[in-house]
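What follows is a short report on a single structure.
The values are calculated or read from the model by the stated rules, or taken from the named source; none is laboratory data. Just so it is clear, the structure is predicted and the values come from calculations on it, not from any experiment. FYI the Cβ positions are ideal-geometry reconstructions off the backbone, even for glycines, and counts take in every protein chain you see.
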Amino acid sequence: MNYFDNKHIWHPYTKIPSDNPSYLVKSAKGVYLHLENGQNVIDGMSSWWAAIHGYNNEVLNKAVKAQLKNMSHVMFGGITHKPAINLAKTLINITPDNLTKIFFADSGSVSVEVALKIALQFWQSKNKPNKQKFITITSGYHGDTFAAMSVCDPENGMHHLFKGILLKNFFVKSPSLFPTDDAIKDLELTLSKNHHKIAAMILEPIVQGAGGMQIYDSSYLIKARELCDKYNVLLILDEIATGFGRTGELFALQHANIKPDILCLGKAITGGYISFAATMTTTNIANQVGVLMHGPTFMANPLACAVANSSIELLLNTAWQDNVKNIENTLKTELMSLKNHNKVKDVRVLGAIAVVEMKNNVCINTVQKDLINNGVWLRPYNNLIYTMPPFIITNSELLTITRAIKSVINK
């Protein structure tokens, strides 16, 4: 079966056949992946940030089964349903109070596409058609679809192959790679010269994910909000990776206590059960945009909405902040000392995120095999070994992850 997979199926960022093996998962429960070969490994990735409650959760399973009895899907054109209405009410209640309008998308990348479209349509409707560009910081990642790729890092990101094809946008210094004051100065200089061309700024708040797992100071977000207001540019916050508790706050924007004009949500919104996302904006922007030119076939899928409602309710009714804080404390205690290791360039921890940046790129095949032999599933890339475990993880399970990381580094 693995032979067929390797010969015929593309996996993320791989070729066919792939140089990297794919491990066959038979089932999953709690924080564990049960492999076909009999090994049980702790998923320290939460399925790329999404499975915050772990796998096969009884509450979420119940929500899916209950919705299945009614309908698994119905088109959203001219039709609505209670799961979508209830989810919209919840999201409006838990996000900044200026965000009152919602577009339900089918993936994080699509929610970014929708956010960019909203910004473009907003300025077109205000008779400012020259505001067609976007501004963002380097080392960012916002998805794999075309407009989303255009605001990912053009030099060092995963989409450099498309550099000559994508829309040309403005990139400024990242506060995670430069002193915050320098990054702010670069942002203001670029906005002052080009604001008449710029529709919106898009940022991953506090944590830059797939672009390098960088963490930056909240003061940059505060200043970015001020500068966007000063230069008449919309602010889009991409919380697809950081939303729903990952950084220790329900949303990373709360570290800076700011309100975006547009907010993108995804990944953990359904607890990792179904691909789903949302784009939120203000009443003023929605009124100005009018008819939004987007409409996915599976928009507001009832199954996804039902499990999202259940996942958010489950999160808010548990001691998730205490759990994430305990995870953060353990990760810091166990991993920060690796900063002194001769192979390690840096260690970063925030909430339920820990990143060990190596001085050299890691051999993914070797490191991943060693991690599995230590009972852990992680997905290193380039020079990064990182973990973002489910919030339900126990301390002993978390220690298994940190010991495995230290083991492969010391090998």
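A few notes on this one:
- In segment 197-212, the qualifying residues are those that are in contact with a strand residue (DSSP E or B) (Cβ under 6 Å, 6 or more places away or on another chain) and under 13 Å from LEU177 (Cα atoms), and the one that is surrounded by the most Cβ atoms within 10 Å (Cβ to Cβ) is GLN208.
- Set ASN329, ASN257: member being in a loop (DSSP other than H, G, I, E, B) and of a type outside the set (Lys, Arg): ASN257
- Sole residue being among the aliphatic types (A, V, I, L, M), surrounded by fewer than 20 Cβ atoms within 10 Å (Cβ to Cβ) and not in a loop (DSSP other than H, G, I, E, B), chosen from ALA268, ALA286, ALA224, ALA278: ALA286
- Unmet criterion (only one of (1) at pLDDT 95 or above; (2) surrounded by 18 or more Cβ atoms within 10 Å (Cβ to Cβ); (3) not hydrophobic (A, V, I, L, M, F, W, C)) for GLN368: (1)
- Filtered by the rule that a residue be within 13 Å of LEU203 (Cβ to Cβ) and either modelled with pLDDT under 95 or buried (at least 24 other Cβ atoms within 10 Å of the Cβ) (or both), segment 236-257 gives ILE236, LEU237, ASP238, GLU239, ILE240, ALA241, THR242, ALA252, LEU253.
- Number of residues in segment 323-341 that are touching a residue at least 12 places away in the same chain (Cβ under 8 Å) and either over 22 Å from SER46 (Cβ atoms) or touching a Leu at 6+ places or on another chain (Cβ under 8 Å) (or both): the value is 6.
- Exclusive hit being modelled with pLDDT under 95 and not charged (D, E, K, R), set ASN61, ASN20: ASN20
- Residue match in segment 72-91 (condition: among the aromatic types (Phe, Trp, Tyr), within 24 Å of ALA268 (Cα to Cα), surrounded by fewer than 21 Cβ atoms within 10 Å (Cβ to Cβ) and more than 20 Å from the chain's Cα centre (by Cα)): yes
- Residue match in segment 50-60 (condition: crowded, with 17+ Cβ neighbours inside 10 Å, small (Gly, Ala, Ser) and not in a loop (DSSP other than H, G, I, E, B)): no
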